[in-house]
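Structure, as structure tokens:
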Amino acid sequence: MTLTRRTLLGRLGAGLALTATTPLRLWSATETKIGAARITSLSDGHLVLPAGFMFDPMPQAELPLLLARYGLEGDTLRPDCNVTLMQSEGRNILFDAGSGASFQDSAGELVDALDAIGLTPDDITEVVFTHGHPDHLWGVLDDFDDPLFANARHLIGRIERDYWLDPATVDQIGVDRASFAVGAARRLEALETLETFEDGDEILPGVAAVATFGHTPGHMSFEIREGGDALMVVGDAIGNHHLAFARPHWPSGADQDRAMGAETRVRLMQRLASERMTMIGYHLPEGGMGHVEAAEDGYRFVPLEG
Ligand SMILES: [Zn+2]
């Protein structure tokens, strides 16, 4: 038989699934329905980050007490990465594409996660990006630098696309993130078709784009709605289950525009809590699916019961 790039990838994915240690029940615990649409949270693995990356710009005096509250010790954070899959009317829509093979060893497991629920990359009909950071975008190409989701349309917010394709970005983003800019531009340019959308657009049936700028200049969230049933895919606008909830107004080192990121986070928290809307956060634990609840000081993340 002839091994094309695609079949080779499929065979590797199938082989890995046999040795996967993730129990299947984990997947059912991270599923919900919005009307007739099935929403599944797929793990791409996790990241390994220096804690200071997030915490350095925060008020340092109050920090130790809060970190202790969440059992956060040491210098390293290991946030999960949750890719959202929406299945509706014959569509298999991915929100973000994971890290792929070349960002961190602990991430890039999306193909295995798809395989565990009986899907291959070829089954994906749309890939919708929240933003262009490596853990969300770099998985869009395979090891041969071909589009991994060969049959999919790719969609991204216009401002976000323009930012990463702007040749000036690599010089303006700072040395720590210069590789993000190079990597994003290379991948976005490799996609043969890349459609853009604006804040408020209904990008797919029942899916509206919601501007949540700050983490990146054009970061988008997505409101999935059918009748009174709704869910918000927030990407990294709410980036963790601890300080983003306890002190949403604090600046986070993870946000490129810290003031705008905090403003967006506060607004989103207020809305999700008051409407009691289900959310999926890309870096939240237990599949990232849950609710925002007002707490004595700030908010708390309440994972959906499996
Ligand atoms: Zn991220």
Work out which chymotrypsin sites (Phe, Trp or Tyr not before Pro) in the chain are exposed loop sites (DSSP not H, G, I, E or B, at most 15 other Cβ within 10 Å) and give the longest gap free of them.
145-306
Run the numbers on the chain and let me know its relative contact order in percent, using alpha-carbon pairs under 8 Å that are six or more apart.
17 percent
Once you've got the GNM for the chain with C-alpha springs shorter than 10 Å, pick whichever of 148, 65, 284 has the biggest mean-square fluctuation.
65
Looking at the square roots a ≥ b ≥ c of the eigenvalues of the Cα gyration tensor of the chain, which shape do they give, rounded for a/c under 1.5, prolate if a/b is larger than b/c, or oblate?
rounded
With 10 Å bins from zero, work out the P(r) of the stretch 91-145 over every alpha carbon pair and list the percent per bin.
25, 59, 16, 0
Among 142, 56, 123: highest mean-square fluctuation, GNM of the chain, C-alpha pairs under 10 Å
56
So if I take the centroid of the Cα atoms in the stretch 242-270 and the same for the stretch 33-64, what is the distance between those two points in Å?
12 Å
Using the Cα gyration tensor of the stretch 147-306, with a ≥ b ≥ c the square roots of its eigenvalues, what is the shape: rounded (a/c below 1.5), prolate (a/b larger than b/c) or oblate (neither)?
oblate
Under a GNM of the chain (C-alpha, springs under 10 Å), which listed residue has the highest mean-square fluctuation: 45, 228, 253?
228
In whole angstrom, note down how far apart the Cα centers of the stretch 179-216 and the stretch 81-133 are.
15 Å
Taking protein heavy atoms only, a 1.4 Å probe, and rounding to whole percent, the accessible area of the chain owed to carbon and sulfur comes out at 51 percent
Angle between the Cα long axis of helix 178-190 and the longest principal axis of the chain, 0 to 90 degrees, nearest 10?
40 degrees
To the nearest 0.05, what FRET efficiency results for residue 175 and residue 65 with a Förster distance of 30 Å applied to their C-beta separation?
0.35
Using the Cα gyration tensor of the stretch 139-230, with a ≥ b ≥ c the square roots of its eigenvalues, what is the shape: rounded (a/c below 1.5), prolate (a/b larger than b/c) or oblate (neither)?
oblate
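The values are calculated or read from the model by the stated rules, or taken from the named source; none is laboratory data. What you are looking at is a predicted structure, and each value in this text was computed from that prediction instead of being measured. Positions of Cβ are backbone-derived with ideal geometry, glycine not excepted, and every protein chain shown enters the neighbour counts. Accessible surface areas use protein heavy atoms only, side chains included; no ligands, DNA or RNA. Shrake-Rupley method; radii C 1.70, N 1.55, O 1.52, S 1.80 Å.
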